[in-house]
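The values are calculated or read from the model by the stated rules, or taken from the named source; none is laboratory data. What you see is a predicted model; the values in this text were computed from it and never measured. Positions of Cβ are generated from backbone atoms using ideal geometry, with glycine treated the same way; all protein chains shown enter the neighbour counts. Only protein heavy atoms, including side chains, enter the accessible area calculation; ligands, DNA and RNA are left aside. Shrake-Rupley method; radii C 1.70, N 1.55, O 1.52, S 1.80 Å.
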Amino acid sequence: MRVLVVEDEERLADAVAHGLRLHAIAVDVAYDGQDALEMAAYVDYDVVVLDRDLPEVHGDDVCRRLREGGGGGRVLMLTAAGQIRDKVDGLAIGADDYLVKPFAFAELVARVRALARRSHRSAVPLLERGGIALDPARRTVTRDGHPVSLNRKEFDLLRVLLGADGELVTSGELRKSVWDEYADAGTGALRVTITSLRKKLGVPAAIQNVPGKGYRL
């Protein structure tokens, strides 16, 4: 799961990002609406946690433009306003959920995960190759009909490799897709995760390493 936190109060944004990362969620942070739009143009986020009262480009405008862009990610709107009218307005412009500040962090995590389960459900069908089947909506994996239990990084790596449909995926592309920009995602972390994923998928080996270039399924 990849999440973009958009909040101009930097201490709050960083605290939210840190907390989500402790729950094994990859997080990027934007401190204004313009940066958020630029980042969303290059990364297909599962969930955007979006403060409504942003300077420069207002959160309402960010939400509208994200919807106009046709991305499958969900938007969780954050605001200090708690009136019913404010909630209705936020949902009307395309937000998928609404959370009033201050909020309980456990509730934020629960809502982000619930939205992520809905994200891309219609756009991303079951991914299959060589007897391996991955369901992005239910976050389940099977090989030859047998369930395979993966952690979040392994699941996200496999999803990227399956999505490439047998084409080579560079190590840099894998790190960018699975780890956020602040994470320690060097070649060592990638190799450890690939090794663990290979072991769990069993034999015959499903992942091919192309030395110096990357990996393919």
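Numbers at a glance
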quantity	calculated
Surface per residue (accessible, 1.4 Å probe) for the chain, Å²	51
Inter-site label distance for Glu68 and Val210 at 7 Å from Cα along Cβ, in nm	3.8
Whole-Å distance, taken between Cα centres, linking region 29-69 and region 1-15	11
The chain: calculated mean residue ellipticity at 222 nm from DSSP helix runs of at least 4, using -39500 (n - 2.57)	-12500 deg cm²/dmol
For the chain, built as a Gaussian network whose Cα springs stay under 10 Å, the top-fluctuating residue of Glu154, Glu173, Glu128	Glu173
Top of Arg118, Arg175, Arg129 by mean-square fluctuation, Gaussian network on the chain, Cα under 10 Å	Arg129
Rounded percent of accessible protein surface that carbon and sulfur make up, the chain, 1.4 Å probe	50
Cα→Cβ-extended label distance, 7 Å offset, between Glu9 and Ala114, nm	2.3
